[in-house]
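Every number in this text was worked out from the coordinates using simple rules, so none of it is lab data. As the structure is a computational prediction, the values presented were derived from the model and not from experiment. Please note: Cβ atoms are built from the backbone with ideal geometry, for glycine as well, and neighbour counts cover all protein chains shown.
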Amino acid sequence: MVATLLTIMVVLLLLNFPMMIPLMVAPIIVVFLYFPTMDPMILMKQFSTGIEAYVLLAVPLFIFAADIMTAGKTSRRLLDFIGSFIGHIRGGYAVTTAASCTLFGAISGSTQATVVAIGKPMRERLLKIGYKDSTAMALIINSSDVALLVPPSIGMIMYGLVSGTSVGDLFIAGIIPGIIVFLSFAIFSIIYAKVTNIPLATKATWSERLDFTKKAILPLGFPIIIIGGIYIGLFSPTEAAGISVLYAFVLEVIIYRSIHIKELPEIAKSTGLVTSAVFVLVAGGQAFTWVISFARIPQMITETVLGSDPTAIYVLIMVTIFFFVGCMFVDPIVVILVLTPIFYPAAMDAGVDPIHLGVVITFQAALGSATPPFGVDIFTASAVFNKPYLEVIKGTPPYIVMMVIISVLIIYFEELSLMLL
Amino acid sequence: MKFFRVLDKVVLKIEEFILGYSVIIIALMVVGNALSRAIFSYSLFFANEVSQIAVIVATFMGISYAARKGRHISMSAFYDLAPFKVRKIVSTIIPFLVAVVLFMLAYYSALYVQNVRESGTVTSALEMPAYIVYIAIPLGFFMGGIQFLRNMWINIVKREDVYLGTDAKDYNDEDKTKIDEATHL
Amino acid sequence: ACGQNEESSGGDDGESGSGSESYDWKFVTEEVEGQVQYEYAVEFADRMDEKSDGQVNIEVYEFGGLGSETDQVEQLESGTVEMAVMSPGFTGNMVNEGQIFALHFLFPDSVAKTQEILNTSEALNTDLKEQYEEHNITPLSYWTEGAMQWTSSSEISEPAHFENFKMRTQDSPLILESYKAYGADPTPMSWSELYTSLDRGTVEGQENPIFFIGDASFHEVQDYMTISNHNNYVAMTTVNTGWYNDLPEDMQAMLDETTEEMQQWAFDEQNAQNEEWLETIKNDEENATTIIELDEEQRNAFREKAEPIRDYYREEISTVDGAILDKLIGEIEAVE
Ligand code: NA
Ligand code: NA
């Protein structure tokens, strides 16, 4: 049965079927082949169960908020602000890129949106001051990973959904790993700039800084509201997502007037499109989870992969490998939906903290989606920057090395994830 | 032909309306409930349910719209590396198979809706018949199936380009700067 | 790759009884390992295995993979699984009468007396059972997982303490109505967010049996636990009606006998777990929790607010104008 499932998934994926098809078809075929007396209606019900969870409402709302702020000029405001303070130091533009991706990541839940919003304007500036294009693109792709680690994070919402873990806690737990990634990229950027002699940018004047600060101060309230609001218990992740829509609306429509209210349905439509494309996967993923649970496949697989009485660290390492490889090939959302129900029970038996596991998994999702050959962010960048694939991946190795090292730290020191809780 | 073009336009407008306003409704419900709770200490009893209905409707009614725009998430890595001819063949055959699957799913989920209808289940807050909400599932699959057939058809009719959807030419052949909007997630 | 799933006796094969046949049944629960329902099902499976000399193999499923509680109800209904422990609360929009157990201060203060009523009540074991059988679900028994208690961030010992109190509840109109009657602001919230929300004060209190409170560590993030016994968390042992009726007689008898034996086992198990967790919570000095036991007078103050909800149940929920409730009230009075 495992072989049947695997074959269906892999073959359909490689043939470029929309991913919802294998997720929805594989369970039905398994039912027909192995449980012929069962009523396939059960799986139909799972489609709606999958997307009925309250916490999932956060997904369209966070995307909507980020869409509103991208349609306005928020991302530019953020990077002007950061650039005016640190742009002039050695490697300043690169550090600005990493910092802006981190900050925008605290508004947006997806790495690809961050590549688009920050990557486009920052790449121009990096090229102008003398960075090689491959260096600039690698920096952008990898810094955008942080969006998946710092709240809000669609990957964490998906993990929370499948595992029944608190999304609020996951959000808080991702902050420190996100900051570590940012800091290591920043330090690397400074060293790189020294070694390759990247020229210094002119220093912004204090009046410019004041001006950029004024322009950025309101968008900066955004992460404070999301993270602060969840942290002090003002609202649940879903409510935080709703409030961030309200905040984006007030900012862009009422205060800055960069968007007319009549444009909102158009923005909402594109949010709705993305939501639908993601949620059909969640719907199919739930049917998939149902059938593998019913057939006790997680128990079979984990017995084979993990042995009978694995240690927590061993489980985490195997989880890391499976998720990393999975995310190199397939969209992280699908990987989380499919692999989490398989590994979660074994990890709990081995005594892994569910929040820690969520951070490890999300980290691999971020890393995998920026890793050649098939990380989705690479293709996004290739498309957005109109650059050939090889050019895009040329600069990524140092970042992957850093990410792997950080990954080891996060696995071994669960406090890095749990200390803020 | 003209009739079909008008019908296509109407369906498109309806789908866009559903997608956009579902998101807006979800935002209004969640924000409204949060504010009502914070200010009046009163939870809107219908807020969660209305949002969930909007999610179900948007998800399934969005299948055909996403297909039209070529925006369903797929593992396109190998596809992207393939030459024009291979992509053309894949883009003609796969949509047909997808359509077959979606029609099958439409059939089964319609049976499911019928079951729910017969069971008389009502939603917990609004106490409306639950099957009404679920009609979006077979309908969405069915409309999606039709759209994937159209995606196949346009690849048969128009020989000079590869189409990911009736409204989306393959980005592999395009000037790539145009598609940053299409790589949203 | 999957040898253990030969559906030799699926739901609708209609196999006839014979000594050598083997049976594979699926038994779903709404709880996870260690909790009362799951342990009940495991014990049930062991006893059946033993009695049948290994002829009956019951696979127990913990909560999670098979969807929501209401999904599991549908799976029993359709015969995808043969047996289930379920709470009537999750069948509320299918069998309205099942919401009867959500009424506050209906059953006696004593959990033992409550169990006695659950065992003997004709209203439940005949009338309510028939309602479920219309949906192809047969409740074989009702049993308590313990009395429900309140935990809170501020003291709750009289109804006035509930004024504007953010109480997490399940999402059911009757339960919402019950807490509004005390003046509270009932807030439906998903289970996975509850611990964090209590910790951060997004909601201020919740209700559950003590073992559940302890198992979920809610006492770590709450300052008070009120021993209110305002109702009982009732579970039903249920089977798919068609499947059950088609079982050979000896199998049916074995199932009935085991269900019967398990009533005492379930009572002892919940009692042990609830007492053990009460001690643990009391002795947890790191997360001190003030335990308030309501006296009769205090209980009456809540009861007074709760009783009008019975009319809400009769008028808005019941499909038989509260007939089952009225019969049950008679039976309860006879015991008390
Ligand atoms: Na983020
Ligand atoms: Na406490």
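Debye sum, Cα scatterers, segment A:294-421, no solvent: what log₁₀ I/I(0) at q = 0.09, 0.12, 0.19 1/Å? So the normalised log intensities work out to -0.29, -0.49, -1.03. Segment A:69-143 and segment C:145-173 have their alpha-carbon centroids 49 Å apart.
Among the chymotrypsin sites (Phe, Trp or Tyr not before Pro) in segment A:40-83, none sits in a DSSP loop with a Cβ that has at most 16 other Cβ atoms within 10 Å. Strictly over 28 Å apart at the Cα level, which of A:120/A:214; C:26/C:166; A:128/A:387; C:180/C:282; A:262/B:2 would you flag in this model? Listed pairs above 28 Å: C:26/C:166; C:180/C:282; A:262/B:2.
Rounded to the nearest 20, the size of the Cβ-charge dipole of segment C:217-336 about its Cα centre is 480 debye, with Lys and Arg at +1 and Asp and Glu at -1.
Working from Cα pairs under 8 Å separated by at least six residues, relative contact order for segment A:7-135 is 16 percent. Each label point was placed 7 Å from the Cα along the Cα-to-Cβ direction; for residue A:299 and residue C:223 their separation is 4.6 nm.
Near residue C:140, the amide H atoms lying under 5 Å from its own belong to C:237, C:238, C:239; only residues 5 or more places off or on other chains count, and H is placed 1.01 Å from N. The simple Förster model, with R0 at 35 Å and r as the Cβ-Cβ distance, assigns residue C:42 and residue B:81 a FRET efficiency of 0.10.
If you plug the beta carbon distance of residue A:260 and residue A:391 into 1/(1 + (r/R0)^6) with R0 = 45 Å, you get a FRET efficiency near 0.70. Rounded to 0.05, the FRET efficiency of the residue A:308 and residue A:232 pair, given R0 = 30 Å and the Cβ-Cβ distance, is 0.10.
Karplus couplings for segment A:59-68 from phi (6.51 cos²θ - 1.76 cosθ + 1.60, θ = phi - 60°), rounded to Hz, Gly and Pro as x? With the stated coefficients, segment A:59-68 comes to 5, x, 5, 5, 5, 4, 4, 5, 5, 4 Hz.
The residues packed around residue A:13, meaning those with a beta-carbon under 14 Å from its beta-carbon, carry a net charge of -2 if Lys and Arg are +1 and Asp and Glu are -1. For residue B:69, a cut-off of 18 angstrom between C-alpha atoms picks up these lysines, skipping any fewer than 8 places away in its own chain: A:269, B:9, B:13, B:88, B:158, B:169, B:176, B:178. Sequence-distant contacts, meaning Cα pairs under 8 Å at least 6 residues apart, place the relative contact order of chain C at 23 percent. Segment residue A:14..residue A:419, full-extension length gain: 141.7 nm, with 0.36 nm per residue of separation and the alpha-carbon distance subtracted.
Within the shell of other residues whose beta carbon sits under 11 angstrom from the beta carbon of residue A:256, the net charge comes to +3, with Lys and Arg scored +1 and Asp and Glu -1. Here the 3J(HN,Hα) profile of segment A:206-219, calculated from phi with Karplus coefficients 6.51, -1.76 and 1.60 at θ = phi - 60°, is 5, 6, 5, 4, 4, 4, 5, 4, 4, 5, 9, 4, 6, x Hz, Gly and Pro shown as x. Distance from the C-alpha centroid of segment C:19-97 to that of segment A:303-328: 30 Å, rounded to the whole angstrom. Were the residues from residue C:329 through residue C:109 laid out at 0.36 nm apart, the gain over their Cα-Cα distance would be 77.8 nm. Which GluC sites (Glu not before Pro) in segment C:110-189 sit in a loop by DSSP (not H, G, I, E or B) and have at most 14 other Cβ atoms within 10 Å of their own Cβ? Sites meeting the loop and neighbour criteria: C:134, C:155, C:163.
Size of the dipole of chain C about the Cα centre, Lys and Arg at +1 and Asp and Glu at -1 on the beta carbon, nothing else charged, in debye to 20?
That gives a dipole near 1060 debye.
The 3J(HN,Hα) values that the Karplus relation (6.51, -1.76, 1.60; θ = phi - 60°) gives for segment A:230-240 are, in residue order, 6, 5, 8, x, 5, 8, 6, x, 5, 5, 4 Hz. Gly and Pro appear as x. Each Lys or Arg adds one and each Asp or Glu takes one away; over the other residues whose Cβ falls under 14 Å from the Cβ of residue B:144, this sums to +3.
Only Lys, Arg, Asp and Glu carry charge here, each on its Cβ (+1 for the first two, -1 for the last two); on that basis the protein assembly as shown has a dipole of about 8680 debye about its Cα centre. Summarising the amide proton neighbourhood of residue C:185: residues at separation of 5 or more, or on other chains, whose placed amide H is nearer than 5 Å comprise C:164, C:165, C:166, C:167.
Normalised radius of gyration (Cα atoms, divided by 2.2 N^0.38 Å) for the protein assembly as shown: 0.96.
What GluC sites (Glu not before Pro) in segment C:248-325 are in a loop by DSSP, with at most 13 other Cβ atoms within 10 Å of the Cβ? Filter output for segment C:248-325: C:285, C:286. Calculate how steeply helix C:296-306 sits against the longest principal axis of the alpha-carbon atoms of chain C, using the helix alpha-carbon long axis, and give the answer as 0 to 90 degrees to the nearest 10. Compared with the principal axis, the helix lies near 70 degrees.
Taken as Cα centroids, segment A:156-232 and segment A:257-287 sit 25 Å apart, rounded to the nearest whole angstrom. Amide hydrogen proximity for residue C:228: with H placed 1.01 Å from N in the peptide plane, the residues at 5 or more positions away or on another chain lying under 5 Å are C:150. Can you tell me, using C-alpha contacts under 8 Å and at least 6 residues apart, the relative contact order of segment B:1-150 as a whole percent? Rounded, it is 29 percent for segment B:1-150.
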